[in-house]
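J.: Starting off with a structure, shown below.
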Amino acid sequence: MTTLIFGGTTIGAEEFSSRVANIAGGLDRLGVGDGDVVALMLRNEPVFVEAMLAVRLTGAYFCPINRHFKAEEAGHILRDTGAKVLVIHADLLAQIGGAIPGGVQVLVVAPLPETRAAFGIGAGPWPVPPNAIGWDGWLGAQQAYDGPARRARGNMPYTSGTTGRPKGVRRDPVPAGAAAVMLAAQAELNRIGFGIAPGMRTLIAAPVYHSAPNLVAMQAALYDATMVIEPRFDAERTLMQIEAHRLDHLYLVPTLMVRLLKLPEEARRRYDLSSMRYVSCMGSFCAPEVKARMLDWWGPVIFEAYAASELGLITVIAPEEARRKPGSVGRPAETVAGKATVRILDDEGREAPVGSVGTIYCRQPAVPDFTYNNDDAARRSLERDGLWTVGDMGYVDADGYLFICDRAADMVISGGVNIYPAEIEQALIAMPEVADCAVFGIPDPEFGEAVAAAVQLREGHLADAAGVQRFLAERIADYKVPRLVVFHASLPREETGKIFKRKLRDPYWKDAGRRI
């Protein structure tokens, strides 16, 4: 049975199960049912995990919303999903303002003291708007769900994919006739690629609104885990929690590994990490030197994978393989449903020779097909001969190991977070002083990539970098605001008139020793 630990509080298995059942009963009485959507805009707290499991019982999708999102970003997702219910931390209500569509029932959760301390949030009070419901009072009045058993739908993550605004990845439930094989295959895939196992003892410190930590938290809860939840990642506290709770599992993006490696040697040696058995690493490119240093420190427990919300988990590389194949993300994962397919295709759709770079197309048979919510045409544009791509470029070596080289699209991945430049450019071009702009990724020693903006001002107008950043911070999530703003008298353009981003981006990468 699942146990949650948050700060000084332990939610035992019986209490956890009761809370999940009561939340599901309450959602059912709010009209949530098969195929509906419940949006969750929450920080890492037990309520996030409890709500996800409860939504599954009702047959609805849960849709995590990034806590950084402002009104336009969150409003787009709420409108696009047609969410029936929004569960949101009270302090986040102000930043999405009037973007909540009419008809959405809002449940307001007061942030716990540990959360307030971690994020510097005041103690409140947190008044509940007239059209909303306070979480604690509402939950206290609920009874356990007693409706019919419904097929679980799970997560509907929003991702930019390769183009445009974020799109919801919606998968239908596993067909009843294929349930036994598919569920067994998915369990095997979660074990191979994420280290999910019954009775695991894990730390959830990465934001649960992101797809991979969300999957780990959900699956761990389904596998009777002991789950330590942290409001946010802290490098030394992570080591302390591993020792204190004898944790054996952890999910990390490469940025968090870098932060661990930056700890003073004294702090790194202070804690007993011998209980650790499996560290799942994905979300962005992990530099070989970072992985090698982690392996030297933690031992053979670092497993890296290539995965995406659309694709599922495609490849995995074990620690011993990583020593032999530095920079690789592994070979296709295989389950009872079959082995994942990986093909490298050139611009004409022909299979590229071994070692040649092309677009990565793949398929994981353990993962059902998907569509983009309300945009199936965009989903179809990713497919070629039954395989899918998210625009990544790479090659396969003679031993069948996949290496990621670059992205065909302009996506920036900073600290494991996908950032789509077109969205930032659309916001920036609305600044009165700006004539044109281009946004792209540049090397960053901690986050892998950082966002940079090249700006051309209108004739006779003045602006500085701080002004640009302030303008954007009022319109988009803070992590999307460019760290570097450079002004150009004239932006380089191709003959078609399109901005030549490569000429802007390449000087920053010239001496980086890598391409992403």
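J.: Can you tell me which residues in segment 367-380 are in contact (Cβ under 8 Å) with a residue 40 or more places away in the chain and either out of contact with any Ser or Thr (no Cβ under 7 Å at 6 or more places or on another chain) or over 20 Å from Gly35 (Cβ atoms) (or both)?
T.: Matches in segment 367-380: Val367, Pro368, Asp369, Phe370, Thr371, Tyr372, Asn374, Asp375, Ala378.
J.: Would you point out which residue out of Ala287, Ala318 is touching a Phe, Trp or Tyr at 6+ places or on another chain (Cβ under 9 Å) and aliphatic (A, V, I, L, M)?
T.: Ala318
J.: Does Leu222 satisfy the condition of being hydrophobic (A, V, I, L, M, F, W, C), crowded, with 21+ Cβ neighbours inside 10 Å and in the same structural domain as Thr389 (by TED's automatic domain parsing)? Reasoning before the result, please.
T.: On the way: hydrophobic (A, V, I, L, M, F, W, C): yes; crowded, with 21+ Cβ neighbours inside 10 Å: no; in the same structural domain as Thr389 (by TED's automatic domain parsing): yes.
So Leu222 does not fit the description; no.
J.: Moving on. Could you tell me whether segment 493-502 includes any residue that is among the small types (Gly, Ala, Ser) and touching a residue at least 12 places away in the same chain (Cβ under 8 Å)?
T.: No, segment 493-502 has no match at all.
J.: Right, something else. Would you mind finding the one in Asp399, Asp385 that is surrounded by fewer than 18 Cβ atoms within 10 Å (Cβ to Cβ) and touching a Phe, Trp or Tyr at 6+ places or on another chain (Cβ under 9 Å)?
T.: Exactly one of Asp399, Asp385 is surrounded by fewer than 18 Cβ atoms within 10 Å (Cβ to Cβ) and touching a Phe, Trp or Tyr at 6+ places or on another chain (Cβ under 9 Å), namely Asp385.
J.: So, restricting to strands (runs of 3 or more DSSP E) that lie completely within segment 321-366, which ones have at least 1 residues that are without any contact (Cβ under 8 Å) to a residue 60 or more places away in the chain and in contact with an Asp or Glu (Cβ under 7 Å, 6 or more places away or on another chain)?
T.: Numbers: elements: 328-332, 341-345, 358-363.
Correct list: 341-345, 358-363.
J.: Among the residues of segment 358-368, is there at least one that is closer than 16 Å to Arg170 by Cα and of a type in the set (Val, Ile, Thr)?
T.: Within segment 358-368, one or more residues are closer than 16 Å to Arg170 by Cα and of a type in the set (Val, Ile, Thr).
J.: Which numbered condition in (1) within 23 Å of the chain's Cα centre (by Cα); (2) under 25 Å from Ser284 (Cβ atoms); (3) in a loop (DSSP other than H, G, I, E, B) is the only one that Asp399 fails?
T.: (1)
J.: Any chance you could count how many residues in segment 282-304 are modelled with pLDDT of 95 or more and buried (at least 21 other Cβ atoms within 10 Å of the Cβ)?
T.: Looking only at that region, the number is 4.
J.: Within segment 470-482, can one find any residue that is assigned to a loop (DSSP other than H, G, I, E, B), at pLDDT below 90 and outside the structural domain of Ala205 (by TED's automatic domain parsing)?
T.: No; the residues of segment 470-482 include none that is assigned to a loop (DSSP other than H, G, I, E, B), at pLDDT below 90 and outside the structural domain of Ala205 (by TED's automatic domain parsing).
J.: Does at least one position in segment 369-391 carry a residue that is closer than 30 Å to Val258 by Cα, of a type in the set (A, V, I, L, M, F, W, C), outside the structural domain of Tyr61 (by TED's automatic domain parsing) and assigned to a strand (DSSP E or B)? First the steps, then the outcome.
T.: Narrowing segment 369-391 to residues closer than 30 Å to Val258 by Cα: 389-391.
Right, trim to of a type in the set (A, V, I, L, M, F, W, C) and you get 390.
Right, trim to outside the structural domain of Tyr61 (by TED's automatic domain parsing) and you get 390.
From the residues that got through so far, the ones that are assigned to a strand (DSSP E or B) too are none.
No; the residues of segment 369-391 include none that is closer than 30 Å to Val258 by Cα, of a type in the set (A, V, I, L, M, F, W, C), outside the structural domain of Tyr61 (by TED's automatic domain parsing) and assigned to a strand (DSSP E or B).
J.: Among the numbered criteria (1) in contact (Cβ under 8 Å) with a residue 24 or more places away in the chain; (2) in contact with a Pro (Cβ under 6 Å, 6 or more places away or on another chain), which single criterion is violated by Pro300?
T.: Among (1) in contact (Cβ under 8 Å) with a residue 24 or more places away in the chain; (2) in contact with a Pro (Cβ under 6 Å, 6 or more places away or on another chain), the lone unmet condition for Pro300 is (1).
J.: How about segment 229-253: which of its residues are in contact with a Gly (Cβ under 8 Å, 6 or more places away or on another chain) and closer than 22 Å to Ala118 by Cα?
T.: Val253 - this is the single residue of segment 229-253 that is in contact with a Gly (Cβ under 8 Å, 6 or more places away or on another chain) and closer than 22 Å to Ala118 by Cα.
J.: Further question on the same structure: Do we have Ile88 as free of Cβ contacts under 8 Å to residues at least 60 places away in the same chain, in the same structural domain as Trp126 (by TED's automatic domain parsing), assigned to a strand (DSSP E or B) and hydrophobic (A, V, I, L, M, F, W, C) here? Walk me through it before giving the result.
T.: Numbers: free of Cβ contacts under 8 Å to residues at least 60 places away in the same chain: yes; in the same structural domain as Trp126 (by TED's automatic domain parsing): yes; assigned to a strand (DSSP E or B): yes; hydrophobic (A, V, I, L, M, F, W, C): yes.
Yes; evaluated as a whole, the condition is true for this residue.
J.: If you scan segment 254-306, which residues turn out to be of a type in the set (D, E, K, R) and more than 19 Å from His210 (Cβ to Cβ)?
T.: Listed by number, the residues that qualify are Lys262, Glu265, Glu266, Arg268, Arg269, Arg270, Asp272, Arg277, Glu289, Lys291, Arg293, Asp296.
The values are calculated or read from the model by the stated rules, or taken from the named source; none is laboratory data. All values reported here derive from a predicted model rather than from experimental measurement. Quick reminder, even Gly has a Cβ in these numbers, built from the backbone with ideal geometry, and neighbours come from all protein chains shown.
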